[in-house]
Every structure is written in structure tokens, then in C-alpha cells.
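Participant: Following this message is one structure expressed as C-alpha cells.
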């Protein structure tokens, strides 16, 4: 009887550990997807003429980006050691092998977003801001993002 109870406890703990790791990976993925929605779903689509120029939407996207970038270090504090099941992108293990470098990539993104706020007034200024923000995001993605599909 003791063996059955111990085996059951071991299975439950193992499963809950896997679920916890998956939850961390999902949180990380959701944070990045939210940023992509603002950067590519609003700003980039506006630049490409796929969405009409909407100052309120652009300003809201910048606010969302600013808020979410401030959460990156916290959300990526724990290594989930696995990717989101069915995800398109994942986190490279290099993040936790060189966490200081990963964390050093965050302030330049925040600075680019802050510099853009209040300065975007038309498509030309949007392009300058988008290019600056996207370049800082790319600095991290080059090393720390893995394409899964």
C-alpha cells in the first residue's frame, strides 16, 4: 500500500512539474505574441498600408509594448526547459546560459519605445520609430529566439 501511495505521489509531482514548466513557457510565448501583435499587427501593418493610419491604435500599441517589455526579465527569469507545444517559436537555452547578456538587451528596446512615444505623427515618423524598435527587438531575437516550425 505504501508503494502505491509513493508511486502515486511521484507521478503527481512529476506531472505537476511538467505542467508548471509548460505554464512558464506559455507565459513567455504569450508575452512575445502580445508584443508581436502591437509591433507587427498594428505598426507594421499600418506602414505597409494594410491598415489605415490610426493614431490612437499606434499610441495604444506603443503603450502595450512599453508595458510588456518591462516584464521580459521577470517572465524569462525561469528556464522552462521546454517549448510551448505546437508553438512557432521558442526560447533558446542560450538565454539562461548568458542571462546577463539577455537582460542587457531589454533596456535598449525600452529606450527605443520611449523615444518613439509622442513623436509619431504620420507614416514617415512611424517608419523611423518602427525601424528603431524592430532593430532593438532583433538584437535579442538573433541569438535568443528559436524557430520551431
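Every residue, every condition in (1) in contact (Cβ under 8 Å) with a residue 40 or more places away in the chain; (2) in contact with a helix residue (DSSP H, G or I) (Cβ under 7 Å, 6 or more places away or on another chain); (3) part of a strand (DSSP E or B), yes or no:
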residue: 100; (1), (2), (3): no, no, no
residue: 103; (1), (2), (3): no, yes, no
residue: 127; (1), (2), (3): yes, yes, no
residue: 131; (1), (2), (3): no, no, no
residue: 134; (1), (2), (3): yes, yes, no
residue: 141; (1), (2), (3): no, no, no
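Participant: Here is a check on your reading of the model: is residue 57 free of Cβ contacts under 8 Å to residues at least 40 places away in the same chain and over 29 Å from residue 149 (Cα atoms)? Even if it seems obvious, please write down each step before you answer.
Facilitator: Working: free of Cβ contacts under 8 Å to residues at least 40 places away in the same chain: yes; over 29 Å from residue 149 (Cα atoms): yes.
For residue 57, the condition - free of Cβ contacts under 8 Å to residues at least 40 places away in the same chain and over 29 Å from residue 149 (Cα atoms) - is met.
Quick grid of which residues meet (1) part of a helix (DSSP H, G or I); (2) surrounded by 16 or more Cβ atoms within 10 Å (Cβ to Cβ); (3) at pLDDT 95 or above:
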| residue | (1), (2), (3) |
| --- | --- |
| 16 | yes, no, no |
| 46 | yes, yes, yes |
| 53 | no, no, yes |
| 68 | yes, yes, yes |
| 83 | no, yes, no |
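Participant: Okay, moving on. Looking only at residues that are farther than 25 Å from residue 75 by Cα and buried (at least 17 other Cβ atoms within 10 Å of the Cβ) in the range 100-149, which one is nearest to the chain's Cα centre (by Cα)?
Facilitator: Filtering the range 100-149 for residues that are farther than 25 Å from residue 75 by Cα and buried (at least 17 other Cβ atoms within 10 Å of the Cβ), the one nearest to the chain's Cα centre (by Cα) comes out as 129.
The values are calculated or read from the model by the stated rules, or taken from the named source; none is laboratory data. From a predicted model like this one, the values you see are computed outputs, not experimental measurements. We place every Cβ from the backbone using ideal geometry, glycine too, and count neighbours over all the protein chains shown.
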